[in-house]
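See structure below.
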Amino acid sequence: MNLAPPWGLFTSRTLAKRPYDLRHAGISFLLTSGVDPAECARRAGQSIHVLFCFHAKFLAETRDHANRLIEESMRGWEEPTSRL
């Protein structure tokens, strides 16, 4: 039984021009979903160094999101609470 994809059926209207494009999109999706970069690198079969080199934009967005969450939490600690 041949399980290989029928490459002849794919056209320029498919999801990606090359299978690698889907791989890159998949890794980017994991990073923007908040998956730990070390886990993304493991799943991609890459070192963390390679992951940071090719996906730095997504990692920066994740860092910015984390910073916003931390700042929001810190504001909650700074607000006075009413005592009963």
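Throughout, read-outs are computed from the coordinates displayed, never taken from laboratory work. Owing to the predicted nature of the structure, the values given are computational and were not obtained by experimental measurement. Note that each Cβ is placed from the backbone with ideal geometry, even for glycine, and that neighbours are counted across all protein chains shown.
Given the peptides 44-56, 62-74, arrange them by the average over their residues of other C-beta atoms within 10 Å, most packed first. Please report the intermediate quantities before stating the final value.
Numbers: 44-56: 13.4, 62-74: 10.6.
Ranked by mean Cβ neighbours within 10 Å, highest first: 44-56, 62-74.
Just to be sure I follow: if Rg is taken over the C-alpha atoms of segment 15-78 and Rh is the Kirkwood radius over the same atoms, what is Rg/Rh?
Working: Rg = 14.3 Å, Rh = 12.9 Å.
My calculation puts Rg/Rh at 1.12.
Taking θ as phi - 60°, what are the ³J(HN,Hα) couplings along segment 27-32 by the Karplus curve (6.51, -1.76, 1.60), each to the nearest whole Hz, with x for Gly and Pro?
5, 4, 4, 4, 5, 6
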